[in-house]
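Asks: Dropping a structure here in structure tokens format, bear with me for questions.
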Amino acid sequence: MESMEKIVSLCKRRGFIFPSSEIYGGLNGAWDYGPLGVELKRNLKQAWWDDMVAHHDETATPQGAPQSFGMVGLDSALLMNPKVWEASGHVGGFSDPMVDDRETRARYRADQLAVYALEFIGSDGKLERYDEVLFAAPGEVGKSTPVELFEPHRKRIASLQKGKPGKEARPVAVPGALQDEGLRAKVLAPGASAPGTLTAPRAFNLMFKTHVGALEDNQSVTYLRPETAQGIFVNFKNVTDTSRVRVPFGIGQIGKAFRNEINPRNFTFRSREFEQMEIEFFCRAGEAEQWYQYWRERRYRWYLDLGMKQENLHLREHEASELAHYAAGCADVEYDFPFGRSELEGIANRTDFDLRQHMQMSGKDLRYFDDQEPNEDARRFLPHVIEPSAGADRGTLAFLCDAYSEDTVGGEARTVLKLHPRLAPIKAAVFPLVKKDGMPEKALEIYRTLKKHFNVYYDEKGAIGRRYRRQDEAGTPFCITVDGDTLTAGSVTVRERDSCEQTRVGVAELAAVLGERLGT
Ligand code: GAP
């Protein structure tokens, strides 16, 4: 697994991802996609839209779907009536516990700041615990990740070891220390000079507030949406009234979401502005479990179908204690990022919670009417919902990490992004072997023809080997070189990115051959 530094550096160097408003020092948690990045992310979103909405295939999993179903799309507004967020529970409950360090001014999510005491194994083999000074370090509370020892830890260990030579001291977690006033007073925060500088955890609502209209008062408050899902729920009736979809069916939406994350981190993984690709799938209550199983499998396979390595991808069923009070099941698709295994997507059985909440809050009857149901009592009902909710930025980052590789070709080291052809930003690059003998003219002619079908790139600068390597780094699956034989025999070389194998293809067949090899 490559380091995050290499991925971040490639993204910056080759124009995949830049810090937002970088010339002004950037803005924490916001990122801009450059010329290659925007193509990659658009391709990912297009693949999702095609595979999940426009051309979804009910037979794409080994078991297949329980029955055939309809899928339609939606593009709802970012700004909505604030009552939406009251009904959804976001105004009251969409918060993370936050602690501040009064000395360093750093801000932490309380559940991501672990507290440790030092345990010392005495020369007599006895364990002795020293908790008059506790140490806080970034880390998921309750996760058994190795603890990084900071300078104050080491100093403390050295002072304890003075009297007891020969044995190692080790950190042991102290759960709940930040919530307990007495223990919190003993905690030395990262970078602080003395214990007791952390505040008590307090709930911090993650929604970005804004005002609609000229007056900035309580009446004009609304929020930038923290998820796209609610736009789908509030349009449920509009969609069923205007399109021919029948339960079971799904509504898909791709769009921006905003969360004022306490600690944006790990590059684009946790951002304050990001894009979601969400499906709300409506079904009868009695069939929700089988649809939940279908969508878990379908969404997991989608990443594999786009070339993600199976050993890096995991489907994790939530423990009952992790479930939201209304959820009947939830599974995460997780990816082994360089910074650890983390969530790419969640698939949740949300029961009828959201529609019920909106029905109560709005006073509108959101029940579905099935005019073909023979049993009159079962005709009108509130559907249950399965929600596969994926992040487009996390997906893009995971595919970048998965595709990144370094190897040696012809004795020369290269960096190559082994992206699936559907995701690759540029599908093929066209080069004249040399900048003379009519080769650039011929190469430009081929480039213009191919451009009608694919996103292609023309490059005549520098040695041919360097041009290949630039395209390898960009993830371009094919490089086409125009040489002397092109002018005499009408053929070009087509070099494949991963194997570096070269084949000769007639110019007349080039578009068809590329189309076939790209799978488009
Ligand atoms: N409607 C359900 C929902 O929003 P979520 O688990 O909060 O569920 C779904 O978010 C997905 O959105 C996550 O799996 C992740 O891919 C993406 N996501 C959530 N917060 C994010 C953030 N701060 N930065 C980037 N992506 C995020």
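The values are calculated or read from the model by the stated rules, or taken from the named source; none is laboratory data. Predicted model only: the values in this text are computed from it and were never measured. Counting neighbours? That spans all protein chains shown, and the Cβs are built from the backbone with ideal geometry, glycine included. These accessible areas exclude ligands, DNA and RNA; they are computed on the full protein's heavy atoms, side chains included. Shrake-Rupley method; radii C 1.70, N 1.55, O 1.52, S 1.80 Å.
Asks: Which value in deg cm²/dmol, rounded to the nearest 500, describes the helix-derived mean residue ellipticity at 222 nm for the chain, given -39,500 (n - 2.57) per DSSP H run of n ≥ 4 and division by the residue count?
Replies: -7500 deg cm²/dmol
Asks: Heavy atoms only, probe 1.4 angstrom, no DNA, RNA or ligands counted: give me 31, 48 ranked by accessible area, highest first.
Replies: My answer, sorted largest first, is 31, 48.
Asks: At R0 = 35 Å, how high is the FRET efficiency between residue 179 and residue 256 if r is their beta carbon distance? Nearest 0.05 is fine.
Replies: 0.50
Asks: Heavy atoms only, probe 1.4 angstrom, no DNA, RNA or ligands counted: give me 217, 371 ranked by accessible area, highest first.
Replies: Largest to smallest exposure gives the sequence 371, 217.
Asks: If I model a spin label as a point 7 Å beyond the Cα along the Cα-Cβ vector, how far apart are those points for residue 243 and residue 199 in nm?
Replies: 4.5
Asks: Report the gain in length on full extension from residue 38 to residue 21: 0.36 nm times residue separation, minus Cα-Cα distance, nm rounded to one decimal.
Replies: 4.5 nm
Asks: Of all DSSP beta bridges in the chain, what percent run antiparallel (nearest 5)?
Replies: Numbers: 82 of 97 bridges.
Antiparallel bridges: around 85 percent, rounded to the nearest 5.
Asks: Calculate the spin-label point distance for residue 435 paired with residue 448, positioning each point 7 Å from the Cα along the beta-carbon direction, and give it in nanometres.
Replies: Between residue 448 and residue 435, the simple spin-label model gives 2.1 nm.
Asks: Mind checking Rg over Rh on region 456-520, alpha carbons, Kirkwood formula for Rh?
Replies: Radius of gyration over Kirkwood radius for region 456-520 works out to 0.95.
Asks: Let's test the formula: R0 of 56 Å, r as the Cβ-Cβ distance of residue 322 and residue 516. What FRET efficiency results, to the nearest 0.05?
Replies: That gives a FRET efficiency of 0.80.
Asks: Further question: Rounded, prolate or oblate: which fits the chain when a ≥ b ≥ c are the square roots of the eigenvalues of the alpha-carbon gyration tensor, with rounded for a/c under 1.5 and prolate only if a/b beats b/c?
Replies: oblate
Asks: For the full complex of protein chains and a 1.4 angstrom probe, list 102, 379 by accessible area with the highest value first.
Replies: Result of the area sort, largest leading: 102, 379.
Asks: Measure up 256/418; 45/452; 45/209; 45/427; 6/41 against 25 Å on the Cα-Cα distance and list the ones that go over.
Replies: Flagged as over cut-off: 256/418; 45/209.
Asks: What is the spread of the Cα atoms of region 242-398 along each of their three principal axes, largest first, in whole Å?
Replies: Rounded to whole Å, the extents work out to 56, 34, 32 Å.
Asks: Considering only DSSP beta bridges where both residues belong to region 367-469, give the percentage that are antiparallel (nearest 5). Kindly include the intermediate steps, with their values, before the conclusion.
Replies: On the way: 8 of 11 bridges.
Of all bridge pairs located within region 367-469, approximately 75 percent are antiparallel.
Asks: Can you list the equivalent-ellipsoid semi-axes of region 333-389, largest first and in whole Å, using the square root of 5 times each Cα gyration tensor eigenvalue?
Replies: For region 333-389, the semi-axes come out at 36, 15, 6 Å.
Asks: Give the carbon-plus-sulfur fraction of the accessible surface of the chain in %, rounded to a whole number; probe 1.4 Å, heavy atoms of protein chains only.
Replies: Percent of accessible area from carbon and sulfur atoms in the chain: 49.
Asks: Compute for region 393-467: radius of gyration divided by Kirkwood radius, i.e. Rg/Rh, restricted to C-alpha atoms, rounded to two decimals.
Replies: My calculation of the ratio gives 1.05.
Asks: Could you tell me how far the Cα centroid of region 153-223 sits from the Cα centroid of region 290-336, in Å?
Replies: Between the Cα centre of region 290-336 and that of region 153-223, the gap is 32 Å.
Asks: Full extension from residue 488 to residue 9: what is 0.36 nm times the residue separation minus their Cα-Cα distance, to one decimal in nm? Present the calculation step by step, with values, prior to reporting the outcome.
Replies: On the way: separation 479, 0.36 × 479 = 172.44 nm, distance 4.29 nm.
In short, 168.2 nm is gained.
Asks: Further question on the same structure: With a 1.4 Å probe and every protein chain left in place, work out the accessible area per residue of the chain in Å², rounded to a whole number.
Replies: Each residue of the chain exposes 48 Å² on average to a 1.4 Å probe.
Asks: How long are the semi-axes of the equivalent ellipsoid of region 178-291, taking √(5λ) for every eigenvalue λ of the Cα gyration tensor, in whole Å from largest down?
Replies: Sorted largest first and rounded, they come to 40, 21, 14 Å.
Asks: Taking 0.36 nm per residue of separation and subtracting the Cα-Cα distance, what length does fully extending residue 102 through residue 375 add?
Replies: Length gained between residue 102 and residue 375: 91.8 nm.
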